[in-house]
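Structure, as structure tokens:
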Amino acid sequence: MRVAIIGSGPAGFYAAEALLRRTDEVVHVDMFDRLPTPYGLVRGGVAPDHQNIKAVTRVYEKTAARPTFRFIGNVRLGSDISVEELRRHYHQIVYAVGNEADRRLGIPGEGVSRCTPATVFIGWYNGHPDYRHAKIDLSVSRVAVVGNGNVAIDAARVLLRTPAELEKTDIAAHALDALRNSRVREVYILGRRGPQQAAFTPVELKELGEMEDVDPVVNPGELAGCVSQESARNSQQDKNLKILQSFAERPPGTKTKKLHLRFLVSPTEILADGDGHVAAIKLEKNRLEMQPDGTASARGTGVFETLDVGMVLPAIGFSLEHIAGVPYDEKARIIANEDGRVVDPVNRSVIANEYVVGWARTGAQGLIGSHKAASAHVVAHMIADGGKLAARELPERDAIITLLRERGLQTVSFDDWKQLDEVEVARGERRDAPRDKIVDVGTMLDILSQR
Ligand SMILES: Cc1cc2nc3c(=O)[nH]c(=O)nc-3n(C[C@H](O)[C@H](O)[C@H](O)COP(=O)(O)OP(=O)(O)OC[C@H]3O[C@@H](n4cnc5c(N)ncnc54)[C@H](O)[C@@H]3O)c2cc1C
């Protein structure tokens, strides 16, 4: 049985592990990624000051060491190889391509300079090759981060950390240099709804109160005014509320930088200065309206305020990038699927032997650990559907590599990645960091060619 997995993030690796563990069938897994480096958002999304979370890659290394696993990096589905070609070379295909596009605020002024999707800022500080040249201007003193999830928290935290807190991490060298000279002193995290509806996880929220040179600021009056009677309260929401209350009760802090957590405000316009840079963000105050299902939604009150900031980072979610030949669900902005089986987006009929896992299946929800069971669940469908598939004759196993090389592509194996890994770790030793990332695909490929 031969399976192609497209995408080497957590969902792809957990699917590979579930397939390779099978004892009833020998499964050969080829895992493709558009980058020469594996691990998806574990490398390019998870914040550099959360190295303990990045340690999950050791589990994926074990999967990669299995004898019937191959990593084929630097190959993008949709341009370097087509879905049709994959169908010819594999019995089954698993899309594990994540959610790489960002959602837009859809308000006037969003295109103004220094209004930058958080995806770009995060990719930039994490050394993702796509964002290495992003223009992140840290000469401003106040920044608004729009959104109430962990991504907003990550962006705010990295903006406000001291250089000493960051230099021992695997933050990209260009970002560390820029942050060393940053003038950012105040960050506002803006939530459309109240504290009980925020998607923060308590551990991440609490960490905001433990930073070296940052005081969290929550206005007690504002907090009290937006606590709701939402019926579906759970322990995460309760914990978040307690943490925010403890921030609100703190006496005014003396640290240099301030992190303001604001709720019940929706951005309605980004205002620019004469040079076309962000000068302020216009906000409409909201109130919570209880819905029949017990949830609370935000409704504008017609009362506006203007917050002077020099940069805006919208962090309001992600969506799937369109990939040629892969069925796209326009409404949910994911790969069209029924419980992980890919379907035609119009008539919902199943497209045989094609599956989807991870954020490409569900949208951007769920932490790394959640993908283990979710990917195994989809693999169970693959096993149930795939009984006789292995009987279908396929081209030689190496034919796919030959095809890619004939196209002039330099594919990257897992051993190649281990060489890049070694180089990065050695470079990191200079600043006592776990690694100093290579941020440019050309440089990665040159290093491998020279070796
Ligand atoms: C900023 C940020 C911080 C996070 N922090 C945490 C955290 O601290 N803890 C935690 O548990 N979770 C965290 N998460 C969530 C976690 O990263 C996700 O749950 C998880 O990475 C999703 O896994 P995935 O495999 O679906 O997608 P991804 O990790 O995005 O992997 C998708 C892979 O597909 C590849 N790909 C995309 N398109 C193509 C194509 N056309 N051809 C070939 N390859 C392609 C990409 O290069 C990528 O490697 C964070 C997420 C973000 C955005």
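Checking the a/c ratio against 1.5 first, then a/b against b/c, what shape does the Cα gyration tensor give for segment 93-203?
rounded
With a cap of 10 neighbouring Cβ atoms within 10 Å, and only residues DSSP puts in a loop, list the trypsin sites (Lys or Arg not before Pro) found in segment 120-191.
Here the trypsin sites (Lys or Arg not before Pro) that fit, given the DSSP loop and packing criteria, are LYS135.
State the Kirkwood hydrodynamic radius of segment 239-287 in Å, one decimal place, computed from all pairs of distinct Cα atoms.
13.7 Å
Lys and Arg at +1, Asp and Glu at -1: add these up for the other residues within a Cβ distance under 15 Å of ALA426 and post the number.
Its environment carries a net charge of 0.
Work out the charge dipole of the chain with +1 on the Cβ of Lys and Arg and -1 on the Cβ of Asp and Glu about the Cα centre, then indicate which of VAL94, ALA374, LEU445 is farthest towards its positive end.
Positive-end residue among those listed: ALA374.
Which lysines, on any chain, are close to LYS282 with Cα under 21 Å apart, when same-chain ones fewer than 8 places away are left out?
Hits, sequence-local ones excluded: LYS258.
On C-alpha positions alone, give me the angle between the axis of helix 150-160 and the longest principal axis of the chain, in degrees, nearest 10.
Here the helix axis deviates by roughly 60 degrees.
What is the Rg over Rh value, at two decimals, for segment 104-316, using alpha-carbon atoms and the Kirkwood definition of Rh?
Result: Rg/Rh = 0.96.
Quick one: what Rg and Dmax do you get for segment 298-393 from the alpha carbons, in Å?
Taking only Cα atoms of segment 298-393, I get Rg and Dmax of 19.2, 67 Å.
Please list the radius of gyration and Dmax for segment 1-160, considering alpha-carbon atoms only, with Å as the unit.
Radius of gyration, then largest Cα-Cα span, for segment 1-160: 18.4, 61 Å.
So how far apart, in nm, are the two label points at ILE383 and ASP137 if each is 7 Å from Cα heading toward Cβ?
The two pseudo-label positions are separated by 5.6 nm.
Please determine, in degrees from 0 to 90 and to the nearest 10, the orientation of helix 370-385 with respect to the longest principal axis defined by the Cα atoms of the chain, where the helix direction is its Cα long axis.
Helix 370-385 sits roughly 30 degrees off the main axis of the chain.
Could you tell me what percent of the DSSP beta bridges with both partners in the chain are antiparallel, to the nearest 5?
For the chain, the DSSP antiparallel bridge percentage is about 40.
Quote the convex hull volume per residue of the chain, based on C-alpha atoms, as a whole number of Å³.
Measuring per residue, one finds 160 Å³ for the Cα hull of the chain.
Give, as a single signed number, the net charge of other residues whose beta carbon lies under 14 Å from the beta carbon of PRO267, with Lys and Arg counted +1 and Asp and Glu -1.
Around PRO267, the surrounding residues sum to +2.
For LYS331, give me every one of the aspartates and glutamates with a C-alpha distance below 17 angstrom, ignoring sequence neighbours fewer than eight places off in its own chain.
GLU100, ASP102, GLU321, ASP339, ASP344
Roughly how tilted is helix 235-249, in degrees to the nearest 10 and between 0 and 90, from the longest Cα axis of the chain?
40 degrees
Which value in nm describes the separation of the simple spin-label points at SER113 and SER449, placed 7 Å from the Cα toward the beta carbon?
It works out to 3.5 nm between the two label points.
Which GluC sites (Glu not before Pro) in segment 364-445 pass both tests, a DSSP loop state and at most 14 other beta-carbon atoms within 10 Å?
Working: sites: GLU393, GLU396, GLU406, GLU422, GLU424, GLU429; in loops: GLU393, GLU396.
Passing sites in segment 364-445 are GLU393, GLU396.
Contour minus end-to-end for HIS50 and ARG431, with contour as 0.36 nm per residue of separation and end-to-end as the Cα-Cα distance?
Extra length from HIS50 to ARG431 when fully extended: 135.4 nm.
How many percent of DSSP beta bridges within segment 104-316 run antiparallel, rounded to 5?
Antiparallel bridges make up about 45 percent of those DSSP assigns within segment 104-316.
Can you give the direction-averaged projected area of the convex hull of the alpha-carbon atoms in segment 125-184, in nm²?
The orientation-averaged projected area of the Cα hull of segment 125-184 comes to 4.2 nm².
Scan segment 257-337 for GluC sites (Glu not before Pro) in coil per DSSP, keeping those whose Cβ has at most 10 other Cβ atoms within 10 Å, and list them by number.
On the way: sites: GLU269, GLU284, GLU289, GLU305, GLU321, GLU330; in loops: GLU321, GLU330.
Of the GluC sites (Glu not before Pro), the ones in loops of segment 257-337 whose Cβ has at most 10 other Cβ atoms within 10 Å are GLU330.
Can you give the extra length, in nm with one decimal, that the chain gains between LEU403 and SER79 once fully stretched, where that is 0.36 nm per residue apart less the Cα-Cα distance?
Working it through step by step, the gained length comes to 115.3 nm.
Read-outs: derived from the displayed coordinates by stated rules, not from any lab. Keep in mind it's a predicted model, so treat the numbers as computed, not measured. All Cβ positions, even for glycine, are placed from backbone atoms using ideal geometry, and neighbour counts span all protein chains on display.
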